[in-house]
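Accompanying notes for the structure given below.
The values are calculated or read from the model by the stated rules, or taken from the named source; none is laboratory data. Quick caveat, the model's predicted, so the values are computed rather than measured. Methodologically, a virtual Cβ is constructed for each residue, glycine included, from the backbone with ideal geometry; neighbour enumeration extends over all protein chains shown. The area values use the complete protein model at the heavy-atom level, side chains included, leaving out ligands, DNA and RNA. Shrake-Rupley method; radii C 1.70, N 1.55, O 1.52, S 1.80 Å.
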Amino acid sequence: SQKIEQNSEALNIQEGKTATLTCNYTNYSPAYLQWYRQDPGRGPVFLLLIRENEKEKRKERLKVTFDTTLKQSLFHITASQPADSATYLCASRDTGGFKTIFGAGTRLFVKA
Amino acid sequence: DAMVIQNPRYQVTQFGKPVTLSCSQTLNHNVMYWYQQKSSQAPKLLFHYYDKDFNNEADTPDNFQSRRPNTSFCFLDIRSPGLGDAAMYLCATSRTSGGANNEQFFGPGTRLTVL
């Protein structure tokens, strides 16, 4: 079945460093991937979308890459701040349908 | 501000007692979704509406029903909640249901507790 997998271990980094989160997909080839931020007890908030023919996408301190060979997307937050602490979800639509598949997310902690 | 609103934010019900969660949107989006999210897990799609067209996921239990009386409102009915139904329920909207433009806008969620 089509799956999106993210590292379940929390990522702890120091303020000012670059956080890198990984999203791997299996058993399908999504046309695009989305990244969302979710704070505890809140709904996810859309951050970025990258299409399969785009190698890289940037928005302010955020950068997303899409490697169709590795079946992987990387999500980077540069100059990280404690306010960036949250869970980051990777998502995509499954082929042939309208269902969005989410990963379970990776929890990021940025220490001051 | 245009948004997705969910009420209540916290709901406590008893085992087997029907409960209804509500969602409203001011975005005028065609598509509304209901997700179930358990702790540290991915949001799991239960069903979605494209306008009045209802789409149920194959693995959504019959215990879960939904109604969309108009563009703005959508309800999730749990007919006989079990302990395993305790979760965060997220409502979301999007302009379309497919393609790269289906960025989803989520409400704050309703945390359901089943006693």
| request: Report, to the nearest whole %, how much of the accessible area of chain B belongs to carbon and sulfur atoms, 1.4 Å probe, protein only. | output: 49
| field | Reference-scaled alpha-carbon Rg (2.2 N^0.38 Å with N residues) for the stretch A:7-112 | value | 1.04
| request: Sequence neighbours fewer than 8 away in the same chain don't count; with that in mind, list the aspartates and glutamates whose C-alpha is under 15 Å from A:LYS57. | output: A:ASP67
| field | Enclosed volume per residue, in Å³, of the convex hull spanned by Cα atoms of the protein assembly as shown | value | 127
| So which of A:LYS3/A:LYS59; A:LYS3/B:LYS44; A:LYS17/A:LYS111; A:LYS99/B:LYS44; A:LYS3/A:LYS71; A:LYS3/A:LYS99 end up more than 18 Å apart, counting from Cα to Cα? | A:LYS3/A:LYS59
| message | Test of understanding: in a Gaussian network model of chain A with alpha carbons linked when under 10 Å, which of A:PRO82, A:PRO40, A:PRO30 would top the mean-square fluctuation ranking? | response | A:PRO40
| query | Quick one: with all protein chains in place, what share of the accessible area of chain A is carbon or sulfur, to the nearest percent (1.4 Å probe)? | reply | 47
| Cβ-based net charge around A:TRP35, under 12 Å, with every Lys or Arg adding one and every Asp or Glu removing one | +3
| query | If you average the sequence gap of Cα pairs under 8 Å that are 6 or more apart and divide by the length of chain A, what percent do you get for the contact order? | reply | 36
| request: Could you give the size of the charge dipole of chain B about its Cα centre, using +1 on the Cβ of each K and R and -1 on the Cβ of each D and E, expressed in debye and rounded to the nearest 20? | output: 280
| request: Return the value, in Å² to the nearest 100, of accessible area buried between chains B and A (probe 1.4 Å, both sides summed). | output: 1700
| request: Would you kindly derive the ³J(HN,Hα) couplings of the stretch B:61-71 from the backbone phi angles with the Karplus curve 6.51 cos²θ - 1.76 cosθ + 1.60 (θ = phi - 60°), listing them in order in whole Hz, with x for Gly and Pro? | output: x, 4, 4, 9, 10, 9, 9, 9, x, 7, 4
| P(r) tail fraction, the stretch B:4-114 - alpha-carbon pairs more than 25 Å apart, % | 14
| field | Calculated from backbone phi, Karplus (6.51, -1.76, 1.60) coupling profile of the stretch B:20-30 in Hz, x at Gly/Pro | value | 10, 10, 10, 9, 9, 9, 10, 8, 6, 7, 6
| note | Taking a probe of 1.4 Å and leaving out DNA, RNA and ligands, the stretch A:3-111 shows per residue an accessible area in Å² of 48
